[in-house]
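This report refers to the structure that appears directly beneath it.
Rule-based calculations on the coordinates, nothing more; no lab input. Bear in mind the structure is a predicted one, so any value in this text is a computation, not a measurement. In this analysis, Cβ positions are derived from the backbone assuming ideal geometry, glycine residues included, and neighbour counts consider all displayed protein chains.
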Amino acid sequence: DVKVTQSSRYLVKRTGEKVFLECVQDMDHENMFWYRQDPGLGLRLIYFSYDVKMKEKGDIPEGYSVSREKKERFSLILESASTNQTSMYLCASSLPLGGNYGYTFGSGTRLTVV
Amino acid sequence: KNQVEQSPQSLIILEGKNCTLQCNYTVSPFSNLRWYKQDTGRGPVSLTIMTFSENTKSNGRYTATLDADTKQSSLHITASQLSDSASYICVVSPNTGGFKTIFGAGTRLFVKA
């Protein structure tokens with residue numbers, strides 16, 4: 001059963017901490033994405049990557065960075081967590097051309113910053 | 001501006017009843033439209049995908065329709081079950097590249113026994 005695995009379901013971090021969210025996919029997909037999901041809003045793209053060591057900013061990259069050292073792993077980094085980054089974070093992967101093939105999502109990480 | 005609007009925001013129905021969820025979009029040019037189901041605390045799971053040339057697509061008790069002229073899609077759920085309680089998200093991809101996918105805010109469906 002192919003899947004996207006996010007390392008943590010729930011995280012509680014303090015303001016100012018550096019936070020790492022990890023995502024691993026076993027489908028050999030080229031594209032990987034990080035979204036955040038907030039009540040009443042659609043998923044918003046933070047960053048995406050179309051190849052190892054390649055990354056592109058999405059719609060809301062401020063306060064975040066990413067790392068893709070291996071094809072199967074895409075990490076989201078909050079350099080200095082703030083309370084407005086409390087959210088559900090979803091990782092996804094897809095074949096090339098992204099939207100035309102659909103995404104496979106992970107189960108999400110619910111991050112609370114206190 | 002490309003947008004995806006879903007209605008209603010939430011819906012409560014009795015088990016066994018049918019329901020229809022709506023999605024209007026302004027994305028142009030249009031490539032494909034997908035419906036996802038998201039259980040509470042889980043990531044979205046794909047239900048259907050339609051290109052601009054398709055009018056309908058079924059997946060079990062789920063049937064999606066698409067009218068590319070009016071830029072409207074609907075998701076019809078037949079004989080609802082308690083396990084259908086979830087958020088349903090409409091997702092539209094423009095024909096300008098694979099990364100500019102736009103997500104609707106979702107419809108929260110509650111199925112009661």
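Quick notes on this one:
- Across the range A:73-79, coupling constants 3J(HN,Hα) worked out from phi with the 6.51/-1.76/1.60 Karplus curve, θ = phi - 60°, read 10, 9, 10, 10, 10, 9, 4 Hz, and Gly and Pro carry x.
- Pairs of lysines in chain A (C-alpha under 13 Å apart; 8 or more residues apart or interchain): 4
- Each DSSP beta bridge with both residues in chain A is either parallel or antiparallel, and the antiparallel ones are about 90%.
- Remark: mean inter-chain Cβ contacts per residue of B:32-42 equal 3, using a 10 Å Cβ-Cβ cutoff to other protein chain atoms.
- Rel. contact order, % - alpha carbon contacts under 8 angstrom, at least six apart, chain B: 37 percent
- Here each label is just a point 7 Å from Cα along the line to Cβ, and for residue A:70 and residue A:54 those points are 2.1 nm apart.
- Label-point gap, in nm, between residue B:54 and residue B:1 - each point 7 angstrom along Cα→Cβ: 3.0 nm
- Intensity falloff of the range B:5-113 expressed as log10 I(q)/I(0), Debye formula with alpha-carbon point scatterers, at q = 0.18, 0.19, 0.22 Å⁻¹: -0.82, -0.91, -1.19
- Number of Lys pairs (Cα under 20 Å; 8 or more positions apart or on different chains) in the range B:1-87: 4
- For the pair residue A:13 and residue A:79 in one chain, pulling the backbone fully straight at 0.36 nm per residue adds 22.5 nm over the alpha carbon distance.
- Separation of the residue A:86 and residue B:12 label points, Cα + 7 Å toward Cβ, nm: 2.7 nm
- Shielding by partners - mean other protein chain Cβ count within 10 Å, residues of A:40-48: 5
- For B:64-71, mean number of other protein chain Cβ atoms within 10 Å: 0
- Phi-derived couplings, Karplus 6.51 cos²θ - 1.76 cosθ + 1.60 at θ = phi - 60°, listed residue by residue for the range A:24-39: 10, 10, 10, 9, 6, 6, 6, 9, 9, 9, 10, 10, 10, 10, 10, x Hz, with x used for Gly and Pro.
- Formal net charge of residues neighbouring residue B:19 (Cβ-Cβ distance under 14 Å; K, R +1; D, E -1): +3
- Value of relative contact order over the range B:25-73, rounded to a whole percent, pairs C-alpha under 8 Å and six or more apart: 28 percent
- Over the range A:1-91, relative contact order from alpha-carbon pairs under 8 Å, at least 6 apart, %: 33 percent
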